[in-house]
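This report concerns only the one structure given below.
The values are calculated or read from the model by the stated rules, or taken from the named source; none is laboratory data. From a predicted model like this one, the values you see are computed outputs, not experimental measurements. All Cβ positions, glycine included, derive from the backbone under ideal geometry; neighbour counts span all protein chains shown. Each accessible area value is taken on the protein alone, full model and side chains, heavy atoms only, with ligands, DNA and RNA left out. Shrake-Rupley method; radii C 1.70, N 1.55, O 1.52, S 1.80 Å.
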Amino acid sequence: MFKDFPLFPRAASTVADQIDTFYFFMVGVCGLLALGVVCFIIYFALKYRRRHEDEPVSKEEAPMWLELVWTITPFFILMVMFAWGAWLFFDVNRPPAHALDVYVTAKQWMWKFQHVGGRSEINSLHVPVGRPVRLIMASEDVIHSFFVPEFRVHTDVLPHRYTYNWFEATIPGTYHLFCSEYCGTEHSRMIGSVVVMEPEDYQVWLSGGVQGSPAEAGQKLFTSLTCNTCHMDAATARGPVLTGIFGRERPLQDGRTVVVDENYLRESILNPGARVAAGYQPIMPSFQGQVNEEQLIHLIAYIKTLTPPVGGGLPATAAPAGAATSTAAPPPPPGSDSPAPEGQDPQ
Ligand code: CUA
């Protein structure tokens, strides 16, 4: 019913209705409570008003049972909100395993999208209907925020790390995309659209305008930055071999473990000493300043292809046959110092 309310955006993703229901539950509960409080204020103001100048102040206290009722009842109501909200939060933040990955780069003042298959676009994002899409997002400069009201999807896009988001569109059409974090003079013009297409149309669109895939570009970069000299051949490797590591848990030099995800790979390329894989020396140079956001995406996309997907194509897709670990959620990975090649060192 709310979908038709003109001030309310249409619900066009799988989570939108759940979020709306929760939202209206909270608004309803808070409205009823506020109404009750106001009614009692008015009622008591009249009932206990001072009737003559010398009337003594009442010493009456509320009985214990009443105190308990009005303390415990709101407690349970709030716990319902908490539990429901937490459940929704986890649901909304866990992409399904077969989600389609799209890399998003935000900058003043545009949105750039890189599809795994090779197409890239600016200020418009094409996706198929009925398929979960996972966004791997980073900013080239300041904080931006990815917001599609119809999907009830809203996540900040930060410099220096990846944030994630996912949605599954349910109705084909074109939807507004906003930057919802004030990011400079032209913040209000940092807008775009999300085009939700039937799967067949999406396939046609995807095959048009073919550019090399990000993984292919990443492979070239991997060689040109000489990452391969340290990370490919086990016999001569001075850093961990990167085959089959994505999405897996890996031990670190300092005894901790990490799950290899996009953020860990990113950190390992830009700040190799932060979390060094067990068994390796922190000899890898930083590639900070040598690779830009897009090249990082390419490198990461390539490294991900070194780990064949198990079930779906998600992030942590993980582990090849024997990988026991995290198939589901890709956390940060290990081997930090390794991912990137040792760059100049070899020479
Ligand atoms: Cu980007 Cu506001």
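Given the structure, is Gln219 open to solvent by 60 Å² or more (accessible area, probe 1.4 Å), at negative phi and in contact with a Lys or Arg (Cβ under 7 Å, 6 or more places away or on another chain)? Step through it out loud before you land on a result.
Values: open to solvent by 60 Å² or more (accessible area, probe 1.4 Å): yes; at negative phi: yes; in contact with a Lys or Arg (Cβ under 7 Å, 6 or more places away or on another chain): no.
In short, no.
Answer yes or no: is there a residue in segment 131-151 that is under 21 Å from Glu216 (Cβ atoms) and aliphatic (A, V, I, L, M).
yes
Considering only residues that are over 21 Å from the mean Cα position of the chain (by Cα) and within 16 Å of the ligand (Cβ to nearest atom), look in segment 157-186 and name the one that is most open to solvent (accessible area, probe 1.4 Å).
That would be Thr185.
Quick one: in segment 76-134, of everything that is basic (Lys, Arg) and closer than 24 Å to Leu296 by Cα, which residue is least open to solvent (accessible area, probe 1.4 Å)? Even if it seems obvious, please write down each step before you answer.
Within segment 76-134, the first condition is being basic (Lys, Arg), and the residues that meet it are 94, 107, 112, 119, 131, 134.
Of the ones still in play, those that are also closer than 24 Å to Leu296 by Cα are 94, 107, 112, 119, 134.
Values: Arg94: 155, Lys107: 58, Lys112: 32, Arg119: 53, Arg134: 3 Å².
Applying the filter and picking the extreme gives Arg134.
Which count do you get for residues in segment 22-74 that are exposed (fewer than 10 other Cβ atoms within 10 Å of the Cβ) and either within 30 Å of Arg152 (Cα to Cα) or touching a residue at least 40 places away in the same chain (Cβ under 8 Å) (or both)?
Looking only at that region, the number is 0.
Consider Gly244 against the criteria (1) within 24 Å of the chain's Cα centre (by Cα); (2) on the phi > 0 side of the Ramachandran plot; (3) modelled with pLDDT under 80: it satisfies all of them except one. Which criterion is unmet?
In the conditions (1) within 24 Å of the chain's Cα centre (by Cα); (2) on the phi > 0 side of the Ramachandran plot; (3) modelled with pLDDT under 80, Gly244 misses (3) alone.
Which of the residues belonging to segment 113-145 are in a strand (DSSP E or B), within 16 Å of the ligand (Cβ to nearest atom), under 16 Å from the mean Cα position of the chain (by Cα) and not hydroxyl-bearing (Ser, Thr, Tyr)?
Phe113, Leu135, Met137, Ala138, His144
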